[in-house]
Amino acid sequence: MSTGHGADSAPAPTGTTTENKKAGTFSSLKIRNYRLFASGQLVSNTGTWMQRIAQDWLVLSLTGSSTAVGITTALQFLPMLLFGLYGGVIADRYNKRKLLLITQAAMGLTGLALAALTLGGVVQVWHVYLMAFLLGMVTVVDNPTRQVFVSEMVGKDQMRNAVSLNAANFQSARLIGPAVAGVLITAVGSGWAFLLNGLSFVAPLAGLLLMRTSELHPVERAPRGKGQLREGLRYVAGRPDLIWPIVLVGFIGTFGFNFPIWLTAFVDDVFEGGAGTYGMLNTLMAVGSLIGALLAARRGVSRMRLTVFAALGFGLLEIAAALSPSLWVFAALMVPLGIFGLSFNVTANANVQTAVDETMRGRVMSLFVMVFVGGTPIGGPLVGWVTDTFGARIGFLSCGVISAGAAITVALILARVGNLRLRVDLRRGHQHVVFVPRERLTTAA
């Protein structure tokens, strides 16, 4: 008979535990602390989506310029590109629950400040720019801290499920928030959307305060010291199983996820539609993303090959969408695009988190988020220029080719690093295409 201590101290192989294989779609919600966290995040995520829509509409109404809307978005993402790695150092060093109490309160205050300015009738575009930048600065710490706090709430066995449910949570809010914002903006103006967003952060703050700290899984913190940022970069650089998935995330985040650019261009220039068509396409993609997140949560087990396969499928679907002969074919492809895009993001996130040491998780995840989100200020203008110069189809097609090409390249590099070769087996009941160790092929020969 084995002792409980021995079972706890011996780390299980990643993604192979019996508990993971039998995990249900919502298994991590059985954990009280995570249930409180997820409930609060659903409320605040809905508020955040409301503010995104209201913020863009406000800037457009103040300036009449789409460029000004782009500047607002860039200012919100720029801090992650410039300072994202420092947020990971802070997340590794300090108590994550206390950090989240600070960051979530600060994010709520930015919404309330913008509400006061707008409802008071004194808001100017530079106010929106400033609030967007401040929100981005808070996100530098908030995002990696939220990512790594998941493991403290649910433990390693349930982390993949919880990461998937976080994504489902975000996509559910993406379906609700813009619809509510549209009603509010039309009925009473943008200021009330900002006010509700600011108040929505009461929910995650209450959830954090109500948590039972005794039920959190203990995680070793990184001690204070010099050179911790460089230490994190060296750690990733020395791990091919981390660096190449993060490189793939960077390529797809920078080039593959510029949907606002393509969707507006296709609706306006290719299909000659209006706001209703644009809203329909966004809704279909959000539905696909939600399905992808729930499928990932149900799966429980994911491997690196699934991440690469999802990236390849995502790129190929973008190519197919770029060549769509009609609006209805294009619209139909939005659902699988959402499924594959979200599956790629969730599996990459979970694989990286489970592969790193606890004291490095914040720094590694800050790098993950930085390359995924921080590429937007670089990729957005470049993709926009290609789309404006050569047309919507060429812009979408080129990014699909880049995404698929990056997936194939990373797959070949990981296979070479792992001393693997591609095997094709067309027999019924066998995996048709699979990477196997070179030695196995030699032995079989």
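The values are calculated or read from the model by the stated rules, or taken from the named source; none is laboratory data. Just so we're clear, the structure is a prediction, and the values are computed from it rather than from any experiment. Note that each Cβ is placed from the backbone with ideal geometry, even for glycine, and that neighbours are counted across all protein chains shown.
Miscellaneous remarks
- Residues of segment 269-291 classified as touching a Ser or Thr at 6+ places or on another chain (Cβ under 7 Å), in a helix (DSSP H, G or I) and not hydroxyl-bearing (Ser, Thr, Tyr), total: 1
- Test: residue in segment 163-173 that is assigned to a helix (DSSP H, G or I) and either closer than 16 Å to Arg361 by Cα or among the β-branched types (Val, Ile, Thr) (or both): yes
- Of Gly232, Gly191, all but one fail to be part of a helix (DSSP H, G or I), closer than 26 Å to Gln104 by Cα and at pLDDT 85 or above; the exception is Gly191.
- Which listed residue is crowded, with 22+ Cβ neighbours inside 10 Å, in contact (Cβ under 8 Å) with a residue 24 or more places away in the chain and aliphatic (A, V, I, L, M), from Val180, Val163, Val202: Val163
- Selection count where residues are in contact with a Phe, Trp or Tyr (Cβ under 9 Å, 6 or more places away or on another chain) and of a type in the set (Gly, Ala, Ser), scope segment 263-314: 10
- Complete set of residues in segment 344-397 that are closer than 14 Å to Phe259 by Cβ and over 16 Å from the mean Cα position of the chain (by Cα): Gly379, Gly380, Val383, Gly384, Thr387, Ala392, Gly395, Phe396
- Total residues in segment 397-429, condition modelled with pLDDT under 90, in a helix (DSSP H, G or I) and not β-branched (Val, Ile, Thr): 5
- Test: residue in segment 310-333 that is among the aliphatic types (A, V, I, L, M) and modelled with pLDDT under 80: no
- Cβ separations smaller than 6 Å between residues 6+ apart or across chains give the following pairs from segment 41-54 residues that are in contact (Cβ under 8 Å) with a residue 40 or more places away in the chain to residues that are among the basic types (Lys, Arg): Trp49/Arg174.
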